[in-house]
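Everything on this sheet refers to the single structure shown next.
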């Protein structure tokens, strides 16, 4: 977004029709102006950049009664594109009726592999019916294939290396081959297969380290060997399958050593030099600024390897830190966190990634703030949270980004715009104070000037997410936070669990293809203006 002179801008557009009339403001209230030029395009606006979610455990969340309605909501919303989970290969806890893992591999008495696709098929069928494409982690190690005494993580997945790398390669091959047979090559070639999760951490990989502990070459080598055999198996099933990793938590030594191996190391599976990598992945949690800085550091490491320029970059775990389990996860604050993060990806090349994915849970209970839940369970029903509605809001963006002139990237009030064509445009403006979880600061007065419209009369729809709109959580708070709401209370709560308009839709005039819209925007709020010829 480019800065501009407000005085010159308003002079140049002094003849525009204001819709509605500019709200009254005091001298202490901030006025923020934007100019959207529909004739200047910036490239495609692809939901696959942001419309991605992840959770754990992979199987149990698709079968537990309290979780099942989520998949219907996801299908109806069409707001999500990719999904990622741990434990596709894990056995999980013995005797658990809803296992954490998919239990795909075992061996008979003679040590011959046996494959069971029952649980994995159920998961993939659930996802694809909901319109989601997998980023399929091939973790954790099946018990029958684990080397040495089994070491388990929190989900009872084995974090061991394989006892037989050829069997590991064959497991990956059979998994990819099964997916190709079941879903077809055209579909599966749009998926991603990822070798593991956070191998730099001791809790997820037997050769991982504690945070801050130095990494030795030996700590990386067995993971690189696993990766080589993983790639060999996947590419043997179909050379066009997309493979990658390392899904690093953040250890930069580990990251650099892995990339160096992919570019110039000896391939353990083939004996050749280097290993294919179709996407490079890492994770980031914290504030939007700390995540931004981490992306900058990780991208700088990637640039040390010219051979990797152009390889897809994924931050496929992302979100607020949960140390305090803050209930801002449930509120309009989390929706603004998403929009701010997307704004940085759009407008700061140094932090730009091809995909980022929100890690959390599809559903959560009211209490400590949840594990970045998208919905919460109340009164025997699932209720969409503002973050779910933010994804639905972003799904309304057009297919092409267009130029917006306005405040610089460090401003609390920012915006971006898209179009389908010159008669259908979308302008999103957000006001986010990351230090003010309750949004108690002063609202801003927003002026949006649009030029380049190819129509002189359009329908305006103004969607809003704030404390009062599209916010079932705040509605529940206003009712006294009932744990067992009455039917009337549930109806009120659910009425706010959908995108709401700030005002009724109406026709507006755009003489000479130019239009001005003004409105007030509270702290931690999002407006989406949708204009189209009807």
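Computed from the coordinates by the stated procedures, all read-outs in this text should not be read as laboratory data. None of these values were measured; they are calculated from a predicted model. Positions of Cβ are generated from backbone atoms using ideal geometry, with glycine treated the same way; all protein chains shown enter the neighbour counts.
With respect to the chain, whose longest principal axis is taken over its alpha-carbon atoms, helix 217-237 is tilted by about 80°.
Against the chain, whose longest principal axis is taken from its Cα atoms, helix 332-347 shows a tilt of about 80°. Mean separation of Cα pairs under 8 Å and 6 or more residues apart, divided by the residue count, gives the range 270-324 a relative contact order of 53 percent.
Can you compute the FRET efficiency between residue 477 and residue 498 using 1/(1 + (r/R0)^6), with r the Cβ-Cβ distance and R0 = 25 Å? Round to the nearest 0.05. The formula returns an efficiency of 0.90 here.
Classify the range 257-341 as rounded, prolate or oblate from the Cα gyration tensor: take a ≥ b ≥ c as the square roots of its eigenvalues, call it rounded if a/c is under 1.5, otherwise prolate when a/b beats b/c and oblate if not. Taking the square roots of the gyration eigenvalues as a ≥ b ≥ c, the range 257-341 is prolate. In terms of surrounding Cβ atoms within a 10 Å radius of their Cβ, 509, 400, 317 rank from fewest to most as 509, 400, 317. Helical content alone sets the calculated 222 nm signal of the chain at -8500 deg cm²/dmol, taking -39,500 (n - 2.57) per DSSP H segment of four or more residues and averaging over every residue. Label the range 422-501 by shape, choosing from rounded, prolate and oblate, from the square roots a ≥ b ≥ c of the eigenvalues of the Cα gyration tensor; if a/c is under 1.5 it is rounded, and otherwise prolate applies when a/b is larger than b/c, oblate when it is not. Since a/c reaches 1.5 but b/c is at least a/b, the shape of the range 422-501 is classed as oblate. Taking the DSSP beta bridges with both ends in the chain, the antiparallel portion is around 55 percent.
Helix 165-183 and the longest principal axis of the C-alpha atoms of the chain enclose an angle of approximately 50°. According to the square roots a ≥ b ≥ c of the eigenvalues of the Cα gyration tensor, what is the shape class of the chain, taking rounded for a/c under 1.5, prolate for a/b larger than b/c otherwise, and oblate for the remainder? Cα axes put the chain in the prolate bin.
Between residue 381 and residue 240, what is 0.36 nm times their sequence separation minus the Cα-Cα distance? Round to one decimal in nm.
On the way: separation 141, 0.36 × 141 = 50.76 nm, distance 4.21 nm.
Once the chain is fully extended between residue 381 and residue 240, it gains 46.6 nm.
What's the center-to-center distance, using Cα atoms, between the range 241-316 and the range 97-167 in Å? Their Cα centres are 24 Å away from one another.
As a proxy for reagent exposure, 450, 301, 241 were ordered by neighbouring Cβ count within 10 angstrom, fewest first; the result is 301, 241, 450. By the count of neighbouring beta-carbon atoms within 10 Å, fewest first, 401, 321 end up ordered 321, 401.
Over the range 47-384, what is the relative contact order in percent, taking alpha-carbon pairs closer than 8 angstrom and at least six residues apart? List each step's numbers first, then the result.
On the way: 673 pairs, mean separation 50.9, N = 338.
Reported relative contact order: 15 percent.
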